[in-house]
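Heads up: the structure comes next, in structure tokens.
The values are calculated or read from the model by the stated rules, or taken from the named source; none is laboratory data. Keep in mind it's a predicted model, so treat the numbers as computed, not measured. Every residue, glycine among them, receives a Cβ derived from its backbone with ideal geometry; neighbour counts consider all protein chains shown.
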Amino acid sequence: MEDTEIRGAPSVIDRYFTKWYKTDLKGKPCEDHCVLQHSNRICVITLAETHPLLQKGKAIKSISYQISSACSRLENKVSGKSKRGGQFLTELAPLCRITSTDGEEFTIFSCVRGRLLEVNADILTRPNLLLEKPSTEGYIAIILPKFEESKSITEGLLTRTEYEDVVSKRAAMKGLRNHYWYITMQCTDAWEGGRAKWHTCNILEPKKKKVQKGELSTRRQFLYL
């Protein structure tokens, strides 16, 4: 997938693909995926720009398409115009596992139902493609949904506008946490019966500011919106 473009002209992605998103896969914050849907039904699975691998400057140690001892996405084979023989995937079928040099592991999922057409073996020997060109040469896999499901596979996905709204809300909540970092564990204990609702409160140093008892209900309501 070539990403060389004339300056100012729409990219190949913008011209021929519709972007869909799946956020917080398996409940893991910011582990967002992008689905590039072509008009011919094929879906290209990539990392979304907010994925921790792209946002935190992580280096990749290894990438594996070996899902289990009995299943390798690299062994996927299709034949004929109808692409018979490819592995069939559900929305949460794992495609590969990526391990960063700091030991953190990320599983990339299919996000859509369909038949696996191919995986990108190039990223096994050139993992930086995944970081530098995630939407083009660093894609994860290509999936072909069933014809009868081609219009419904995006029902559980977010549009670009909806995705940007999610990202904006995350940034706003992060700002709130930073602004109210001085709330002490004594206050959280009063709210949660000895257990802090926000795990970040457990590691923050309380500021030397006395919080009045009458302020607790107002702050609790504001923070838990």
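Quick notes on this structure:
- Candidates in region 125-150 are the residues that are farther than 21 Å from GLY86 by Cα and free of Cβ contacts under 8 Å to residues at least 24 places away in the same chain; of these, the one that is surrounded by the fewest Cβ atoms within 10 Å (Cβ to Cβ) is THR125.
- The criterion of being in contact (Cβ under 8 Å) with a residue 12 or more places away in the chain, under 17 Å from the mean Cα position of the chain (by Cα) and either part of a helix (DSSP H, G or I) or at positive phi (or both) holds for CYS30.
- The C-beta contact set for region 98-119 (first residue over 26 Å from GLU148 (Cβ atoms), second residue of a type in the set (Ser, Thr, Tyr), distance under 6 angstrom, 6+ apart or interchain) comprises THR99/SER62; GLU105/THR99.
- Pairs with Cβ under 7 Å, 6+ apart, first in region 36-52 and without any contact (Cβ under 8 Å) to a residue 24 or more places away in the chain, second in a strand (DSSP E or B) and of a type in the set (A, V, I, L, M, F, W, C): HIS38/PHE17
- Here is the figure for region 151-172: residues that are over 18 Å from PRO29 (Cα atoms), without any contact (Cβ under 8 Å) to a residue 40 or more places away in the chain and not polar (S, T, N, Q) total 2.
- Scan of region 74-85 for residues that are of a type in the set (D, E, K, R) and either over 22 Å from ASN40 (Cβ atoms) or outside the structural domain of ALA121 (by TED's automatic domain parsing) (or both), ordered by number: GLU75
- Region 1-27: number of residues that are modelled with pLDDT of 95 or more, of a type in the set (Val, Ile, Thr) and assigned to a helix (DSSP H, G or I): 0
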